[in-house]
1. Beta carbons within 10 angstrom, averaged per residue: use that to sort the peptides 55-67, 122-134, highest first.
2. With the convex hull built on the Cα atoms of the chain, state its orientation-averaged projected area in nm².
3. On a 0 to 90 degree scale, rounded to 10, what angle separates helix 69-85 from the longest Cα axis of the chain?
4. What is the extension gain from residue 63 to residue 20, computed as 0.36 nm multiplied by their sequence separation minus the C-alpha to C-alpha distance, in nm to one decimal?
5. Return one number: the angle in degrees, 0 to 90 and rounded to the nearest 10, between the long axis of the Cα atoms of helix 112-134 and the longest principal axis of the Cα atoms of the chain.
6. Would region 20-78 count as rounded, prolate or oblate if I go by the C-alpha gyration tensor, calling it rounded below 1.5 in a/c and otherwise prolate when a/b exceeds b/c, oblate otherwise?
7. Among 78, 27, 45, which one shows the biggest mean-square fluctuation in a GNM of the chain, springs joining Cα atoms closer than 10 Å?
8. I'd like the orientation of helix 97-107 relative to the chain: the angle between its Cα long axis and the longest Cα principal axis, in ° from 0 to 90, rounded to 10.
């Protein structure tokens, strides 16, 4: 199952995609936000191009685990996106993923001016990878039966 990961922001939406087996997430692109119609069109084109069956969107809980105003914005966007695309959207804790992405880029030697272009898609891949890692084996491999085990 192909799953798209989103890191929703006011100005940009980072996008990541998992491989067909659901093992790894790769940073894909960044959608520069212009309007609702354009944003949805960009995401819809990716959903169609890659045969995406589910979207995981980062849910920005506060460090103490409570919800803030940004959570409302993400949920509103997710509900509208789910209605427009007709595929399930799952919210997933994204606490500190952007900070982690920035640290990865800094350690990798990416110039600070170039980080802005990739930090959102890297954060999306961290969100998606966290979700994939938490999936039970049965959900990743629904057709695998006990007879397949050695």
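Nothing in this text is a laboratory measurement; each read-out follows from the coordinates by a stated rule. It should be emphasised that the depicted structure is a prediction, and the values quoted were computed from it without experimental measurement. Cβ coordinates were reconstructed from backbone atoms using ideal geometry, including for glycine residues, and neighbour counts include every protein chain displayed.
1. The peptides rank, most packed first, as 122-134, 55-67.
2. For the chain, the mean projected area of the Cα convex hull comes to 10.6 nm².
3. Approximately 50 degrees, to the nearest 10.
4. Once the chain is fully extended between residue 63 and residue 20, it gains 12.2 nm.
5. 30
6. oblate
7. 45
8. 80
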